[in-house]
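Okay, so here's the structure we're looking at.
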Amino acid sequence: MISRLKPLILNAQTHQGFRKYFANISWMFGEQILRMVAGLLVGVWVARYLGPEQFGLFNYAIAFASLFGSIAKLGLDSIVVRDLVQEPTLLKAYMGTAFWLKLVGAFLMLAILALATLFTSNDSTTNLYVFIIASGIIFQSFEVVDFYFQSQVLSKFVSICKITQLMISSLIKLYLILTGADLFWFVLVSLVDQVSLAISLYLAYRYQKLGGFFRHFDFTLAKKMIKDSWPLMLSGLAIMIYFRTDQIMIHEMLGARSVGIYSAAIRLTEVWYFVPVIIANSLLPSLINAKKAGENGYYIRLQKLYALMIWIAIGIACVMTFLSHWIILTLYGEAYKDAVSVLMISIWNGVFVFFGCAWSQWMLIENRTRMISFFQINTLFFNVILNLILIPRFGIYGAAIATLIASSIGHTMLPLFIKSQRIALKMFLNSLNPIGMFKENNVFYKK
């Protein structure tokens with residue numbers, strides 16, 4: 001095994017493309033590792049300071065606002081990156097058009113959010129928290145700068161911006177804890193996070209001296225982008241509901257304290273989800289270029305990506321399951337002890353999340369974005385049904401079980417019924433063989 005790996009490692013070290021992508025991924029991993037550290041040192045301190053009740057209310061407000069934030073993105077993220085890679089000469093037209101589409105979408109979503117709160121049992125204070133957090137949607141428009149840097153494999157600049165935002169946010173939260181601040185001020189920090197990130201992203205773009213994009217809006221491009229992205233918008237909404245509906249349903253069925261305990265475990269699960277996103281987003285230009293070069297090399301590279309994703313997820317799940325009791329009690333304390341079993345269950349959902357990130361990139365490249373929304377919406381359907389059955393019976397543990405079962409159905413059973421997607425299931429099963437990552441000449445698919 002070592003003798004087979006050695007020439008691959010030596011070739012990678014001298015390959016200019018590899019060094020470029022490795023440096024790009026390294027910056028993003030470095031930023032996310034700092035975010036993990038901040039989450040452990042500051043986020044956990046916030047959870048212990050607020051207690052399960054207020055921490056649960058805080059997370060409920062975040063979850064409710066996130067549903068509408070996902071719609072405001074309009075599914076443009078990967079579409080804009082793909083188009084910038086394919087047509088770099090239209091940089092300002094794509095960025096300007098995407099910016100204004102996202103800004104208009106943000107204000108529309110805030111209006112819809114105002115109507116949606118009328119159908120909840122929230123009190124005025126909870127609705128205020130939701131609106132404060134949701135206001136950050138407006139500043140998501142500046143994410144178009146991130147799309148540019150992704151297309152150029154220059155995520156170093158975005159990572160610096162996010163590290164700056166993280167430092168500001170962490171310092172403010174520490175100050176609030178030390179001064180005994182109310183929950184309201186922690187909610188306000190969520191809005192400050194979005195504002196500070198938008199400012200830093202814009203400054204990073206100006207540093208590139210590429211000229212402004214605000215004056216550029218192409219109606220023809222806008223129609224094309226919306227046509228391509230609306231399935232991804234539905235998919236993004238389904239994903240967000242999938243990840244947040246359990247917290248909302250737990251709040252309605254069991255109360256804020258249960259949401260707080262459940263959220264403590266889920267945060268330790270979701271903190272790892274940056275890994276597949278970084279790998280998939282950073283390698284998207286590479287996969288697009290591989291497809292241009294030939295189908296055989298393209299699918300071999302895709303198979304290796306699938307295998308890498310799945311085995312990273314399995315490794316994380318094994319370690320977290322074994323250490324779950326110690327992690328929860330050490331970080332959160334005795335008040336959150338019921339989160340141990342939730343963590344042991346939910347961490348295994350990462351296997352499907354990791355694979356799903358790479359799978360979605362394949363469907364994006366193949367322009368099968370409608371399939372992404374199909375799978376996400378159906379997975380969401382199973383999750384909601386299972387939550388309704390299992391939460392009343394098993395409490396927060398039932399919510400964790402429901403999410404895991406629904407995710408496994410979406411990634412293993414549903415592809416069986418769609419011919420064009422059976423290749424994904426076959427590659428998923430092939431990926432369970434870790435040796436597949438290192439095979440150079442094997443083709444794992446049949447068209």
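Scanning for something within 22 Å of the chain's Cα centre (by Cα) and within 26 Å of Gly39 (Cβ to Cβ), does segment 329-336 turn up at least one residue? Scanning segment 329-336 turns up no residue that is within 22 Å of the chain's Cα centre (by Cα) and within 26 Å of Gly39 (Cβ to Cβ).
Listed here are the helices (runs of 4 or more DSSP H) enclosed by segment 262-373 that have at least 1 residues being modelled with pLDDT of 90 or more, under 30 Å from Gly395 (Cβ atoms) and open to solvent by 30 Å² or more (accessible area, probe 1.4 Å): 295-331, 339-346. If you go through segment 154-195 and keep only what is outside any helix (DSSP H, G or I) and more than 29 Å from Pro285 (Cβ to Cβ), you end up with Thr179, Gly180, Ala181, Asp182. Quick check on segment 36-55. Is at least one of its residues modelled with pLDDT of 70 or more, crowded, with 23+ Cβ neighbours inside 10 Å, among the aliphatic types (A, V, I, L, M) and closer than 30 Å to Gly260 by Cβ? So far as segment 36-55 goes, yes, one or more of its residues are modelled with pLDDT of 70 or more, crowded, with 23+ Cβ neighbours inside 10 Å, among the aliphatic types (A, V, I, L, M) and closer than 30 Å to Gly260 by Cβ.
Filtering segment 85-92 for residues that are open to solvent by less than 20 Å² (accessible area, probe 1.4 Å) and assigned to a helix (DSSP H, G or I) leaves an empty set.
Whenever a residue of segment 98-120 is over 12 Å from Phe68 (Cα atoms), its partners that are of a type in the set (Phe, Trp, Tyr) and open to solvent by 30 Å² or more (accessible area, probe 1.4 Å), lying with C-beta atoms within less than 9 angstrom and at least six residues away or across chains, give the pairs Phe99/Phe142; Phe99/Phe214; Phe99/Phe217; Trp100/Phe214; Trp100/Phe217; Leu101/Phe217; Lys102/Phe142. Residue pairs whose Cβ atoms lie under 6 Å apart, separated by 6 or more positions or on different chains, with the first residue in segment 244-260 and under 18 Å from Thr125 (Cα atoms) and open to solvent by 30 Å² or more (accessible area, probe 1.4 Å) and the second part of a helix (DSSP H, G or I) and of a type in the set (Ser, Thr, Tyr), are His251/Tyr60. Applying the condition of being farther than 14 Å from Glu252 by Cα and aliphatic (A, V, I, L, M) to segment 374-388 and asking which residue is modelled with the lowest pLDDT yields Ile377. Scanning segment 396-419 for residues that are out of contact with any Phe, Trp or Tyr (no Cβ under 9 Å at 6 or more places or on another chain) and more than 13 Å from Ser346 (Cβ to Cβ) returns Met413, Leu416, Phe417, Lys419.
A quick yes/no check of all residues on (1) charged (D, E, K, R); (2) assigned to a helix (DSSP H, G or I):
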{"site": "Trp100", "(1), (2)": "no, yes"}
{"site": "Gly105", "(1), (2)": "no, yes"}
{"site": "Ser121", "(1), (2)": "no, no"}
{"site": "Glu143", "(1), (2)": "yes, yes"}
{"site": "Tyr148", "(1), (2)": "no, yes"}
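Scanning segment 418-447 for residues that are modelled with pLDDT of 70 or more and in a helix (DSSP H, G or I) yields Lys419, Gln421, Arg422, Ile423, Ala424, Leu425, Lys426, Met427, Phe428, Leu429, Asn430, Ser431. Filtering segment 163-189 to residues that are charged (D, E, K, R) and crowded, with 20+ Cβ neighbours inside 10 Å leaves only Lys173.
Does Ile160 qualify as being open to solvent by 60 Å² or more (accessible area, probe 1.4 Å) and touching a residue at least 12 places away in the same chain (Cβ under 8 Å)?
So Ile160 passes the test.
Filtering segment 111-143 to residues that are among the aliphatic types (A, V, I, L, M), open to solvent by 30 Å² or more (accessible area, probe 1.4 Å) and within 22 Å of Leu191 (Cα to Cα) leaves Ala111, Ile112, Ala114, Leu115, Leu128, Ile138.
In segment 205-227, the residue that is surrounded by the fewest Cβ atoms within 10 Å (Cβ to Cβ) out of those that are free of Cβ contacts under 8 Å to residues at least 40 places away in the same chain and among the charged types (D, E, K, R) is Lys209.
The values are calculated or read from the model by the stated rules, or taken from the named source; none is laboratory data. Fair warning: this is a prediction, and the values are worked out from it, not measured in the lab. Heads up, the Cβs are rebuilt from the backbone with ideal geometry, glycines too, and the neighbour counts pull from every protein chain shown. For the accessible areas, the whole protein counts, side chains as well, though only heavy atoms, and no ligand, DNA or RNA atoms are used. Shrake-Rupley method; radii C 1.70, N 1.55, O 1.52, S 1.80 Å.
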